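Participant: Okay, here's the structure, questions in a sec.
The values are calculated or read from the model by the stated rules, or taken from the named source; none is laboratory data. In this text the structure is predicted, and so the values were computed from the model without any measurement. Glycine also receives a Cβ, built like all others from the backbone with ideal geometry; neighbour counts cover every protein chain displayed. Side chains are part of the model used for accessible areas, which takes the heavy atoms of the whole protein and leaves out ligands, DNA and RNA. Shrake-Rupley method; radii C 1.70, N 1.55, O 1.52, S 1.80 Å.
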Amino acid sequence: MSFIYLNIEQAIEIHKLTVKLSGGGSDEVLDEGRLKSVLQHIQNDEYYPTFEDKLTHLVFSSNKFHCFQDGNKRIAISLGAQFLIINGYVFVARKFIQEMENISYHIADNKISKELLHEIITSIIYENDFSEELKLKILNAIINNK
């Protein structure tokens with residue numbers, strides 16, 4: 001299956017709009033090269049063969065890499081939602097945004113690992129609600145930082 005990818009110009013514009021509409025802050029780009037790398041790297045099907053793999057890397061990396069002065073957690077959510085929408089996953093975009101508002105902070109705080117984020121994203125896309133097992137994993141990660 002082929003996917004539609006965001007380019008660097010779109011990502012920077014999404015960031016500006018996200019900052020403007022979500023409470024403000026600086027829209028300064030700190031590391032365009034790193035952001036460009038994330039956007040290009042998810043296109044490598046050997047590293048990221050599934051949509052969930054690509055989305056997980058996009059969200060995790062845009063959250064952690066601090067490519068922007070402000071709004072890195074917000075841009076992770078915005079880029080992820082846009083990636084869902086442009087690839088036909090419109091039906092889960094709202095749920096993704098709602099769930100990731102709670103998760104994004106914990107990614108930045110090193111409590112939610114990339115592996116756990118993958119489980120969360122997969123659940124958001126394919127399940128109506130998180131399983132009890134996943135809820136416990138999330139809770140344990142947040143409380144115990146494991």
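Participant: Once you charge only the Cβ atoms, +1 for Lys and Arg and -1 for Asp and Glu, what is the size of the charge dipole of the chain about its Cα centre, to the nearest 20 debye? Could the numbers behind the result be given before it?
Facilitator: Values: 15 positive and 20 negative charges, 55 e Å.
In total the dipole reaches around 260 debye.
Participant: 7 Å from Cα along Cα→Cβ at both Asp45 and Ile86: what's the point-to-point distance in nm?
Facilitator: 1.9 nm
Participant: Would you list, by chain and number, the lysines whose Cα falls below 27 Å from the Cα of Lys36, excluding same-chain residues fewer than 8 positions away?
Facilitator: Lys16, Lys20, Lys54, Lys64, Lys73, Lys95, Lys111, Lys114
Participant: Oh, and also: Calculate, for the range 11-146, the solvent-accessible area per residue in square angstrom, rolling a 1.4 angstrom probe over the heavy atoms of the protein chains. Don't skip to the answer; put the middle values down first.
Facilitator: Working: 7160 Å² over 136 residues.
With all protein chains present, the range 11-146 gives 53 Å² per residue.
Participant: Could you derive backbone 3J(HN,Hα) for the range 71-82 from the dihedral phi with the Karplus parameters 6.51, -1.76 and 1.60 (θ = phi - 60°), listing whole Hz in sequence and x where the residue is Gly or Pro?
Facilitator: Taking θ as phi minus 60°, the curve returns x, 5, 5, 5, 5, 4, 5, 5, 5, x, 5, 5 Hz for the range 71-82.
Participant: Additional query: Sorted by mean Cβ packing within 10 Å, highest first, what order do the peptides 39-49, 5-15 take? Write out the running numbers ahead of the final one.
Facilitator: Values: 39-49: 13.4, 5-15: 16.4.
Descending mean neighbour count gives 5-15, 39-49.
Participant: Counting only protein heavy atoms and a 1.4 Å probe, tell me what percentage of the chain's accessible area is made up of carbon and sulfur. Walk me through the numbers on the way to the answer.
Facilitator: Details: 3900 of 7920 Å².
That fraction is 49 percent.
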